[in-house]
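Notes follow the structure.
The values are calculated or read from the model by the stated rules, or taken from the named source; none is laboratory data. As the structure is a prediction and not an experimental result, all values here were calculated from the model. Cβ: placed from backbone, ideal geometry, glycine included. Neighbour counts: every protein chain shown. What goes into the accessible areas is simple: the full protein's heavy atoms, side chains included, and nothing from ligands, DNA or RNA. Shrake-Rupley method; radii C 1.70, N 1.55, O 1.52, S 1.80 Å.
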Amino acid sequence: MKGSFKLNWLIEQFTNLKLIKLNFKTLRNPCAFYIGSFLKLFPSFKNKIITLRFKDGKQIKVYDFMSFYIYSEIFIDKCYDIHLNTQSPIIVDVGANTGYFALRMKQLYPDAKIICFEPYPPCIDQLTETININELNSVEIKKMAVSDKTEKSKLYIHPTNIGGHSIFSENVSVNYVDIESITLSDVLEMIEPNKKCNLLKLDCEGAEYPIIKSMTSSYKKNFEHVIYEPTYDSYNIDDLNNHFKAIGYKVKAQQSLYHAFNDKISS
């Protein structure tokens, strides 16, 4: 996230009355959001940890500016909120990052079982913290990535964006950590026998392309809903959405995301 984008985004947060009302409705301490996000513009406050407390008693620790942006997407814009046909869904979170999505799903579906895939150690630490401080049960962490192959690979570390690490070096940097990747077929083996994944969330900085392209029509019965965040500069979005349609899903835009769902299931 470039400096000009940060500033423009922050101005929107401070001046948009609708967003201000939503933050006050969502948080016990909305001033922590405004003061904290402003302070994070300055390098001298890089190491300051901001705690955002929700009206329902849950909380998140914010370590960097980008996490304020992610918080706003998930808890204010509610970009991942969808209706599932069960109150105890199985949710697979690919690119779990620091756990904000998992927390939001637990707010919506307290009895959900969530499997979080996150390969980057600092994110794993914060993901673990989010789970522990909120006493989230039935949330499991898998310290690995998901792709179209079961293999060892490299995760290239974005220098400023905690949500921007990618297996594609040209999109990020030359710095990397070695990680393990597994396939969706491997993921299904981790789910209880005769159970299916009610929601597959993909936010993995380009890796969603090979993951989705590896899906065949047989996956439709295993993954009821798929929500993915596209990486616009890496591939043709229509190519992915047409692939979903070809294997029997319907697809619709959901804010900045795309939602594919089994055509025999209500969206």
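No other residue among 251, 226 is open to solvent by 10 Å² or more (accessible area, probe 1.4 Å), in a strand (DSSP E or B) and under 26 Å from residue 74 (Cα atoms) apart from 251.
Residue pairs whose Cβ atoms lie under 8 Å apart, sitting 6 or more positions apart in sequence or on different chains, and linking a residue in the range 20-38 that is farther than 19 Å from residue 65 by Cα and among the aromatic types (Phe, Trp, Tyr) to a partner that is in a helix (DSSP H, G or I) and at pLDDT 95 or above, are 24/30. Would you call residue 131 surrounded by fewer than 23 Cβ atoms within 10 Å (Cβ to Cβ), out of contact with any Pro (no Cβ under 7 Å at 6 or more places or on another chain), under 22 Å from residue 69 (Cβ atoms) and not charged (D, E, K, R)? For residue 131, the condition - surrounded by fewer than 23 Cβ atoms within 10 Å (Cβ to Cβ), out of contact with any Pro (no Cβ under 7 Å at 6 or more places or on another chain), under 22 Å from residue 69 (Cβ atoms) and not charged (D, E, K, R) - is met. Looking across the range 29-59, just one residue is under 19 Å from residue 108 (Cβ atoms), touching a strand residue (DSSP E or B) at 6+ places or on another chain (Cβ under 6 Å) and open to solvent by 60 Å² or more (accessible area, probe 1.4 Å), and that is 53.
Rundown of residues vs (1) out of contact with any Pro (no Cβ under 9 Å at 6 or more places or on another chain); (2) modelled with pLDDT of 95 or more; (3) farther than 18 Å from residue 225 by Cβ; (4) in a strand (DSSP E or B), yes/no style:
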| residue | (1), (2), (3), (4) |
| --- | --- |
| 9 | yes, yes, yes, no |
| 24 | no, yes, yes, no |
| 41 | yes, no, yes, no |
| 51 | yes, yes, yes, yes |
| 72 | yes, yes, yes, no |
| 80 | yes, yes, no, no |
| 84 | yes, yes, no, no |
| 92 | yes, yes, no, yes |
| 101 | yes, yes, no, no |
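Can you name every residue in the range 103-117 that is among the acidic types (Asp, Glu) and outside any loop (DSSP other than H, G, I, E, B)? Quick ask: steps written out before the conclusion?
At the first step, the residues of the range 103-117 found to be among the acidic types (Asp, Glu) are 111.
Answer for the range 103-117, where residues must be among the acidic types (Asp, Glu) and outside any loop (DSSP other than H, G, I, E, B): there is none.
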